[in-house]
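Visitor: Please see the structure below; I have some questions.
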Amino acid sequence: MSAAKPLKKLVSGVILDLDGTLLNTDGIVSEVLKVFLVKYEKQWNGKVAHKLIGKTPFEAAAVIVEDYGLPCTTEELMSEITPMFSNQWCNIKALPGANRLIKHLHGHGVPIALASNSPRASIESKISCHQGWKESFSVIIGGDEVRMGKPSPEIFFEASKRLSVKPSNCLVIEDSLPGVMAGKAAGMEVVAVPSIPNQSHIFNSADEVINSLLDLRPELWGLPSFQDWVEDTLPVEPWYIGGPVIKGFGRGSKVLGVPTANLSTEGYSTLLSEQSSGVYFGWAGLSKQGVYKMVMSIGWNPYFNNTEKTIEPWLLHEFDEDFYGEELHLVIVGYIRPEANFSSLESLIAKIHEDRRIAERALDLPLYSNFKDDPYLKIPLHGVKNHS
Ligand code: ADP
Ligand code: RBF
Ligand code: MG
């Protein structure tokens, strides 16, 4: 955790966006459109996904018709895909930190509104699949309940009125540019949590840009701070990933004293897309060798399109030899920080060593050390099943 930051502004109510902010809707949108476009002999292109973020369903449908030159009207497309989406609402996962944020704010009596460009009925369906969400929002407003959706500030003014919190005392949390614009136009404080990676510069009108909800510091806005950080680490719902160690980019991390055993992410693209980039830690089981402490970065790989991430664990142990091709299983138990840019290589390395110290110490806490005995880590010790 970084040093104490100055208070930005006191707020007393929070207005949350839904799709892309609390819910990982993108995955479902891609799935549905992929299937739908086959009918028109077109192929889904991930780049189009970026254009849909923050739009109303009708606006998004119009973009699809236009971009793919489909021989149908926007209305026709809407009537075809709406039922396809409706079947998927309960398959949409909460984004990292969403559940934690809602429970935290509601638990401390902070009034929360949900303001989304989606129609009220689909908001209700989507949130009904997440326990405790509906009851946590004092106000819910859909795009069909106002004259104009975001970027118009109308929906946020309406939320402020119904929360009985004046606009200047509202904090908006938004993933999209139209949403950030709407919040600022309403005279509100805005935290952007971009759902598109590496685009934070386009959010310069936001009061703060964070990488994921895990990085939100409510105390900067005069709200109660999270109490779940333990010795500079945030416990996460453990997740598991494994595969053969592959060649990385040979950027010479070993020369820097930080070798990272790159993992093949084949078969894990969905799991990885559900995790926020950043620095995490946990335990690593290496076939024929043992179980070790591990600190790792999850980051965007510019060589793949923006939906692929790489995973680079540094095993906190001195090895006599490289272990390319060996099976490596990881259990990830905690989060440390978002990825950062550094002005020099020295400062990056210094930060990575600080991460190592934090991980090493934290992994001795019972909270995390128990996972050392997870059977998932031991399996490779008794020979490896063939993956292909
Ligand atoms: P690459 O770009 O191919 O990943 P690195 O310079 O990051 O190369 O070195 C990583 C390799 O070093 C790993 O694949 C592994 O075989 C070896 N290695 C040796 N010690 C470690 C360690 N403590 N943690 C991770 N990898 C290590
Ligand atoms: N790269 C960054 O650009 N920013 C980071 O904040 C960052 N943090 C890292 C933390 C750890 C624990 C590790 C192992 C790597 C991190 N890296 C980070 C990635 C590092 O730059 C990468 O391993 C090298 O570029 C070699 O591929
Ligand atoms: Mg590496």
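The values are calculated or read from the model by the stated rules, or taken from the named source; none is laboratory data. Because the structure is predicted, anything quoted here is derived from the model rather than measured. Note that we place each Cβ from the backbone using ideal geometry, even for glycine, and neighbour counts take in every protein chain shown.
Visitor: Could you please find all residues in the range 307-332 being more than 10 Å from Met294 (Cβ to Cβ) and among the hydrophobic types (A, V, I, L, M, F, W, C)?
Guide: Correct list: Ile311, Phe319, Phe323.
Visitor: Suppose we keep only residues that are in a loop (DSSP other than H, G, I, E, B) and in contact with a strand residue (DSSP E or B) (Cβ under 7 Å, 6 or more places away or on another chain) within the range 249-263. Which one would you say is farthest from ligand 3 (Cβ to nearest atom)?
Guide: Val258
Visitor: Look through Ile102, Ile53, Ile112 and report the one residue that is touching a strand residue (DSSP E or B) at 6+ places or on another chain (Cβ under 9 Å), surrounded by 20 or more Cβ atoms within 10 Å (Cβ to Cβ), at pLDDT below 95 and within 26 Å of Gln275 (Cα to Cα).
Guide: None of the other options fit; the residue is Ile53.
Visitor: Could you tell me whether Ser152 is within 25 Å of the chain's Cα centre (by Cα) and not β-branched (Val, Ile, Thr)?
Guide: Against the criterion (within 25 Å of the chain's Cα centre (by Cα) and not β-branched (Val, Ile, Thr)), Ser152 does not qualify.
Visitor: Looking at the range 282-293, can you tell me whether even one residue there is away from ligand 3 (no atom under 16 Å from the Cβ), of a type in the set (S, T, N, Q) and crowded, with 19+ Cβ neighbours inside 10 Å?
Guide: yes
Visitor: Given (1) under 30 Å from Ser160 (Cα atoms); (2) among the small types (Gly, Ala, Ser); (3) more than 25 Å from the chain's Cα centre (by Cα), identify the lone condition not met by Ala94.
Guide: All conditions pass for Ala94, except number (3).
Visitor: Then there's this: Select from the range 309-328 the residues that are in contact with a helix residue (DSSP H, G or I) (Cβ under 7 Å, 6 or more places away or on another chain) and in a loop (DSSP other than H, G, I, E, B) and list them in ascending order.
Guide: Leu316
Visitor: Hey, can you tell me all the residues within the range 242-286 that are charged (D, E, K, R) and under 26 Å from the mean Cα position of the chain (by Cα)?
Guide: If the condition is that a residue be charged (D, E, K, R) and under 26 Å from the mean Cα position of the chain (by Cα), then Glu266, Glu274 are the ones that fit.
Visitor: Just the residues that are surrounded by fewer than 18 Cβ atoms within 10 Å (Cβ to Cβ), under 17 Å from Val29 (Cα atoms) and touching a residue at least 24 places away in the same chain (Cβ under 8 Å), please, taken from the range 69-92.
Guide: Glu80, Thr82, Met84, Ser86, Gln88, Cys90, Asn91
Visitor: Which residues, counting only those in the range 204-224, are part of a helix (DSSP H, G or I) and under 16 Å from Val11 (Cβ atoms)?
Guide: Listed by number, the residues that qualify are Pro218, Glu219, Leu220, Trp221.
Visitor: Of all residues in the range 257-304 being more than 15 Å from ligand 2 (Cβ to nearest atom) and hydrophobic (A, V, I, L, M, F, W, C), which is nearest to Glu326 (Cα to Cα)?
Guide: If we take residues in the range 257-304 being more than 15 Å from ligand 2 (Cβ to nearest atom) and hydrophobic (A, V, I, L, M, F, W, C), then Leu286 is nearest to Glu326 (Cα to Cα).
Visitor: Go through (1) touching a residue at least 24 places away in the same chain (Cβ under 8 Å); (2) within 16 Å of ligand 2 (Cβ to nearest atom) and name the single condition Ala350 misses.
Guide: (1)
Visitor: I've got another one for you. Of the residues Glu274, Glu237, which single one is more than 11 Å from Ile332 (Cβ to Cβ) and away from ligand 3 (no atom under 16 Å from the Cβ)?
Guide: Result: Glu274 is the single residue among Glu274, Glu237 that is more than 11 Å from Ile332 (Cβ to Cβ) and away from ligand 3 (no atom under 16 Å from the Cβ).
Visitor: Inside the range 12-41, can you point out the residues that are in a helix (DSSP H, G or I) and either without any contact (Cβ under 8 Å) to a residue 12 or more places away in the chain or hydrophobic (A, V, I, L, M, F, W, C) (or both)?
Guide: Ile28, Val29, Val32, Leu33, Lys34, Val35, Phe36, Leu37, Val38 - these are the residues of the range 12-41 that are in a helix (DSSP H, G or I) and either without any contact (Cβ under 8 Å) to a residue 12 or more places away in the chain or hydrophobic (A, V, I, L, M, F, W, C) (or both).
Visitor: Would you be able to say whether some residue in the range 355-374 is within 12 Å of ligand 1 (Cβ to nearest atom), surrounded by 14 or more Cβ atoms within 10 Å (Cβ to Cβ) and modelled with pLDDT of 85 or more?
Guide: Yes, the range 355-374 contains a residue that is within 12 Å of ligand 1 (Cβ to nearest atom), surrounded by 14 or more Cβ atoms within 10 Å (Cβ to Cβ) and modelled with pLDDT of 85 or more.
Visitor: Something else about it: Does Ala98 qualify as being among the small types (Gly, Ala, Ser) and in the same structural domain as Asn117 (by TED's automatic domain parsing)?
Guide: yes
Visitor: Something else: Could you count how many residues in the range 141-175 are part of a strand (DSSP E or B) and either out of contact with any Lys or Arg (no Cβ under 9 Å at 6 or more places or on another chain) or surrounded by fewer than 21 Cβ atoms within 10 Å (Cβ to Cβ) (or both)?
Guide: 2
Visitor: A follow-up question, please. Of the residues that sit in the range 177-203 and are part of a helix (DSSP H, G or I) and not small (Gly, Ala, Ser), which one is farthest from Ala49 (Cα to Cα)?
Guide: Lys184
Visitor: Which ones in the range 1-31 are among the aliphatic types (A, V, I, L, M) and either under 18 Å from the mean Cα position of the chain (by Cα) or surrounded by fewer than 19 Cβ atoms within 10 Å (Cβ to Cβ) (or both)?
Guide: The answer is Met1, Ala3, Ala4, Leu7, Leu10, Leu16, Leu18, Leu22, Leu23, Ile28, Val29.
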